[in-house]
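The values are calculated or read from the model by the stated rules, or taken from the named source; none is laboratory data. Source: prediction; values computed, not measured. Heads up, the Cβs are rebuilt from the backbone with ideal geometry, glycines too, and the neighbour counts pull from every protein chain shown. These area figures cover heavy atoms from the full protein model, side chains too; ligands, DNA and RNA do not enter into them. Shrake-Rupley method; radii C 1.70, N 1.55, O 1.52, S 1.80 Å.
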Amino acid sequence: MAVQTKPRKDVYAIVTEKIVEQLEQGTVPWRKPWIGGGVPTNLLSKRPYRGINIMLLAMYGYEHNLFLTSKQLKEIGGSIKPEEHPQIVVFWNFPDEEETEEENSKRKAPILRYYTVFNIAQCEGIPKEYLPKAREKVHTNTQVEDILKGMPNAPKVYHKEPKAYYNPLKDYVNMPKQNSFVSDNAYYSTLLHEIIHATGHHSRCNRKNLIEMSEFGINNYSHEELVAEIGSCYLQSLCDIEDEFEQSAAYIQGWLKVLKNDRRFILSASSQAQKAVDYVLNEERIDLK
């Protein structure tokens, strides 16, 4: 009976899927308003990663691009946080020289392999002497903070992950830590963008497109993103914040496609954005007809 061997994972496919996965979420991962944490480096050996690994590890936007293997983590007494998934590091493996069937010569056939690492943000129990020092203090924008304090039924804002998003199912906003952004304005403009998303919750403006957006590229998704971008721009102008939030090429292409096919798209998005802003500011307005 022939012995079945476990199929070898296609490392090329894994790398491609990682990048496409990030792009399909709607943002180009290396174009974020928060700092990527420097060149990805191994926490213990201090050796920087090279080649495609720089992109693979930097694309997640961690506050500090410091990684280590599970074995290294165990050696220093740390552990992996629950439900955290590893990142991959690829390398070329040069096996021993083998006799080829086609020609009577010896040839090295390098094979692309990978191993996994975890960012320090995915770990706990790492001794303090291994961790980087905290960055400089940030400055609070009192105008934005006052607006958010006055917002009725405001969502909770957490800083648990190095990602900016609004979770409509659990009704909360997550933001990277403020000191990981390139500027205070970048932090607050991104925060306002996510707050506008939160106004779409059924307990607030009950925006249909927020509730129904489930796939990148569909009209509802593009519409909701444009509402959030326009609405955040309104609020930024009130708070004297220069717009530093760069939309990805994927968003822009999606908007252009819909705008060409629906002339009412921009007017509808603008109207929804104004309602969202009015909700945040706790204002009631009479629409002129």
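Worth pointing out:
- Selected residue (only one of N179, N185 is part of a helix (DSSP H, G or I) and crowded, with 18+ Cβ neighbours inside 10 Å): N185
- Contact map, the stretch 163-187: residues that are closer than 24 Å to R204 by Cα and of a type in the set (D, E, K, R) paired with residues that are open to solvent by 50 Å² or more (accessible area, probe 1.4 Å) and not in a loop (DSSP other than H, G, I, E, B), Cβ distance under 8 Å, separation 6+ or inter-chain. Pairs shown: D171/K156.
- Note on the stretch 116-144: among residues that are open to solvent by 50 Å² or more (accessible area, probe 1.4 Å) and out of contact with any helix residue (DSSP H, G or I) (no Cβ under 9 Å at 6 or more places or on another chain), the one that is farthest from N42 (Cα to Cα) is T142.
- When the residues of the stretch 38-80 are filtered to those that are in contact with a Cys (Cβ under 9 Å, 6 or more places away or on another chain) and not in a loop (DSSP other than H, G, I, E, B), the one that is surrounded by the fewest Cβ atoms within 10 Å (Cβ to Cβ) is S79.
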